[in-house]
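Colleague: One structure coming up, written as structure tokens, with questions to follow.
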Amino acid sequence: MEKGKKVKQKKDKETVVEDGDGDCWWWIVEKGTAATFFIIALYASLVRVAVSYHPYSGAGKPQKFGDFEAQRHWMEITLNLPIKEWYRNSTSNDLSYWGLDYPPLTAYQSFIHGLFLRFFHPDSVSLFTSRGHESYLGKLLMRWTVLSSDALIFFPAVLYFVIVYYNQLSRCRKSDIAWHIAFILLNPCLILIDHGHFQYNCISLGLTIGAVAAILTGKDLVASFLYCLALNHKQMSAYFAPAFFSYLLGKCLRRKHPLIEVSKLGLVVLGTFAAVWWPYLYPLDSILEVLSRLTPFERGIYEDYVANFWCTSSILIKWKRVLTTQSLKLLSFTATILTCLPSMIQQIKSPSPQGFLYGLLNSSFSFYLFSFQVHEKSILLPLLPASLLAVEEPFLFRWFMQFAMLSMFPLMRRDELVLAYVSLLALFVLIFNAPGQQTQHKIRENNCFTGIAIMYLPILCCFFILHIVYLTVRPPDKYPFLFEAVIMLLCFSQFILITLCTNLKQWTLKKPVKSEEMKKKLI
């Protein structure tokens, strides 16, 4: 046995390798998973607090300010108007001024957070007079609502996933568990968007992680319930729908009574949606008002400079001029479904927990790259399954995270979050290259992406050069968005390579061995 390592047998199934003094994580992991999680979660909370001291979207920029004002305004509306009027344009609710454009669960969340703000600082959510409210106490309370959402939803969901995920592995190192927790909780993109820019992605992503953990434990009905809640909090959670659908359908088709299994899942889905949408189910006009707010097709097929197919190809083809909005909707829908199909077919044919995780990554990438109305912040969705696969695919995770960060850099500069961005990027690099993990990374990286790794170094040089150029060099007057376009092109090219690799990897996974076949082998 190697020096500095001990091997414990647990239940004759699981082998846990304890890390020796050469590993920087040993002092954290020696007390067990729960204590490890608590220590890292405490540090992650402090990092979030530090980022929240930086500016937010639209800080001090009237007339409409930014996402911070949008979230505060939704609290104002939900507190002061009847529930039927939350999505309805009126003299009291001008939808052109940050009207609600997320599903009802976001509205209920805004109402609860609004009660918190009204208790401590009523002026910050008073109807009409609170528009553009930016007092110190108001900003502090708003920041606390995001921190509490992390603590109550995202952090527990991550703990649930980690316990479930590592209970299923045949062999793991304790330091891998700590490393994995650190990367999920210290996701730099999520922290920058939620605690810098200002949003509540931690809620929908936390519910999705909970659904994934439930899938891994075989609790499909619980998973369906949690995923439906995520979908009813942010419609962008639909990025994961093909993966959930194909995996659950594949499992149902292998059961003794597939129709009964599908019916049970359908009842959970319908029941969850009915409960969330209950105030808007009657009359029909009410539900149509909400649905019209959730599908803002008038904004165009993409926003700003997002690293997806439509924005990148618009350099050559001016989609908004060549095609009507209706044609673009059909074209983007078709492209999204077609690129999702390989991953879905694989899971319907051979559903497995590992294949499901890759399916989440591949379906969310398809939506990010080809769906209608994508913006920079949507990269958080494919980043979630990538972080869940971080220990298994460290090279992919590092590669993806760095270019996801770069794709958000112009947004971070507009929000004056460059210092927070650089700090979190440095923290990511430090944790990824922590002593004791480098050997493990090399072992896993040699197993896949070998050819791509060869060209990783020159691309990484471009990554750093673009940051410096974007901050220090003024673009030509004729092409004021030249650097944004270059960043977009580089990131898009990397995202395409990653999704091709992960689709290939999903199809080359080993088929799960059925329990009957396992028993025959043992006999």
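Colleague: Please tell me the relative contact order of the chain in percent, rounded to the nearest whole number, where contacts are Cα pairs under 8 Å and at least six residues apart.
Modeller: Working: 659 pairs, mean separation 88.4, N = 523.
Reported as a whole number, the value is 17 percent.
Colleague: Order 65, 111 by their accessible area, 1.4 angstrom probe, all chains in place, largest first. The partial results should precede the final answer.
Modeller: On the way: 65 50, 111 75 Å².
These residues rank, largest area first, as 111, 65.
Colleague: Here is a further query. Among (i) 0.99; (ii) 1.20; (iii) 0.96, which is the computed Rg/Rh (Cα atoms, Kirkwood Rh)?
Modeller: Recomputing Rg/Rh (Cα atoms, Kirkwood Rh) here gives the entry labelled (iii).
Colleague: Let me ask another. Given Cβ point charges of +1 (Lys, Arg) and -1 (Asp, Glu) and nothing else, what value in debye, to the nearest 20, does the dipole of the chain about its Cα centre take?
Modeller: Details: 50 positive and 36 negative charges, 317 e Å.
With Lys and Arg at +1 and Asp and Glu at -1, about 1520 debye.
Colleague: Order these peptides, 310-321, 354-365, by their mean beta-carbon neighbour count within 10 angstrom, highest first. Walk me through the intermediate numbers first.
Modeller: Values: 310-321: 14.6, 354-365: 26.4.
Packing proxy ranking, top to bottom: 354-365, 310-321.
Colleague: How much net charge surrounds residue 374 when only other residues with a Cβ under 11 Å from its Cβ are counted (Lys, Arg +1; Asp, Glu -1)?
Modeller: Value of the local net charge: -1.
Colleague: Still on this structure, I have one more. Within the chain, which is the longest segment that contains none of the GluC sites (Glu not before Pro) sitting in a DSSP loop with at most 12 other Cβ atoms within 10 Å? Present the calculation step by step, with values, prior to reporting the outcome.
Modeller: Details: sites that count: 2, 30.
My reading of the result: 31-523 is the longest stretch.
Colleague: Let a ≥ b ≥ c be the square roots of the eigenvalues of the Cα gyration tensor of the range 228-324; is it rounded (a/c under 1.5), or, if not, prolate (a/b larger than b/c) or oblate? Mind dumping the intermediate values first?
Modeller: Numbers: a/c = 3.20, a/b = 1.52, b/c = 2.11.
Oblate shape, in that a/c is at least 1.5 and b/c is the bigger or equal ratio.
Colleague: Can you give me the solvent accessible area of residue 459 with a 1.4 Å probe, rounded to the nearest 10 Å²?
Modeller: The accessible area of residue 459 comes to roughly 30 Å².
Colleague: Let me ask another. Which net charge results when you count Lys and Arg as +1 and Asp and Glu as -1 among the other residues whose beta-carbon is under 13 Å from that of residue 98?
Modeller: Working: positive: 64, 72, 131, 293; negative: 67, 69, 76, 94, 101.
Net charge around residue 98: -1.
Colleague: Sorting 31, 234, 329 by accessible area (1.4 Å probe), largest first, what list results?
Modeller: 31, 329, 234
Colleague: To the nearest 10 Å², what's residue 197's accessible area with a 1.4 Å probe?
Modeller: Residue 197 exposes around 10 Å² with every protein chain in place.
Colleague: Among 219/505; 251/511; 234/349; 31/174; 219/264; 64/234, which pairs are too far apart, with a Cα-Cα distance over 20 Å? Don't jump to the answer; show the numbers that get you there.
Modeller: Working: 219/505 26 Å; 251/511 14 Å; 234/349 30 Å; 31/174 10 Å; 219/264 12 Å; 64/234 22 Å.
In this structure, 219/505; 234/349; 64/234 lie more than 20 Å apart at Cα.
Colleague: To check you understand DSSP bridge types, tell me what percent of the beta bridges within the chain (both residues inside) are antiparallel, rounded to 5. Before the final figure, lay out each step's value.
Modeller: Values: 5 of 9 bridges.
Counting DSSP beta bridges with both partners in the chain, the antiparallel share is about 55 percent.
Colleague: Ordering 262, 290 from largest to smallest accessible area (1.4 angstrom probe), what's the sequence? Write out the running numbers ahead of the final one.
Modeller: Details: 262 65, 290 0 Å².
If we order 262, 290 from most to least accessible, we get 262, 290.
Colleague: Another one. Want the number for residue 482 to residue 222: 0.36 nm per residue separation, take away the alpha-carbon distance, what's left?
Modeller: Using 0.36 nm per residue and subtracting the Cα-Cα distance, I get 88.8 nm.
Colleague: Then there's this: Along the charge dipole of the range 83-172, pointing to its positive end and built from +1/-1 on Cβ of Lys, Arg, Asp and Glu, which listed residue (110, 136, 161) has its Cα farthest out?
Modeller: The Cα lying farthest towards the positive end belongs to 161.
Colleague: Just to be sure I understand the model, the point goes 7 Å from the Cα along the line to the Cβ. What's the resulting residue 509 to residue 298 distance in nm?
Modeller: About 4.3 nm separates the two model spin labels.
Colleague: Would you kindly state how much longer the chain becomes between residue 465 and residue 123 on full extension, computed as 0.36 nm times their sequence separation minus their alpha carbon distance, in nm to one decimal?
Modeller: Difference between extended and current length: 118.5 nm.
Colleague: On a full-extension model of 0.36 nm per residue, what is the gain between residue 31 and residue 500, subtracting their alpha-carbon distance, rounded to one decimal in nm? Show your work: numbers first, answer last.
Modeller: Values: separation 469, 0.36 × 469 = 168.84 nm, distance 4.02 nm.
Here the answer is 164.8 nm.
Colleague: Could you work out the helix-only [θ] at 222 nm for the chain, with each DSSP H run of four or more residues adding -39,500 (n - 2.57) and the total divided by the number of residues, to the nearest 500 deg cm²/dmol?
Modeller: Helix contribution divided over all residues of the chain: -20000 deg cm²/dmol.
Colleague: Averaged per residue, what accessible surface does the chain expose to a 1.4 Å probe, in Å²?
Modeller: Numbers: 24010 Å² over 523 residues.
Ligands and nucleic acids excluded, the figure is 46 Å² per residue.
Colleague: Within the range 160-193, list the residues whose amide N lies under 14 Å from a label point set 7 Å along Cα→Cβ of residue 151.
Modeller: Answer for the range 160-193: none.
Colleague: Within the chain, what whole-number % of the accessible surface is contributed by carbon and sulfur, with the 1.4 Å probe and all protein chains included in the calculation? Display every interim value, and only then the final one.
Modeller: Working: 16100 of 24010 Å².
Whole-percent figure for carbon plus sulfur exposure: 67.
Colleague: Follow-up question, since we're still on this one. Run the simple label-point estimate for residue 64 and residue 320 please: 7 Å along Cα→C-beta, distance reported in nm.
Modeller: Roughly 1.3 nm, to one decimal.
The values are calculated or read from the model by the stated rules, or taken from the named source; none is laboratory data. Predicted model only: the values in this text are computed from it and were never measured. When we count neighbours, we look across all protein chains shown, and the Cβ atoms used for this are built from the backbone with ideal geometry, even at glycine. Note: areas computed on protein heavy atoms with side chains; ligands, DNA, RNA excluded. Shrake-Rupley method; radii C 1.70, N 1.55, O 1.52, S 1.80 Å.
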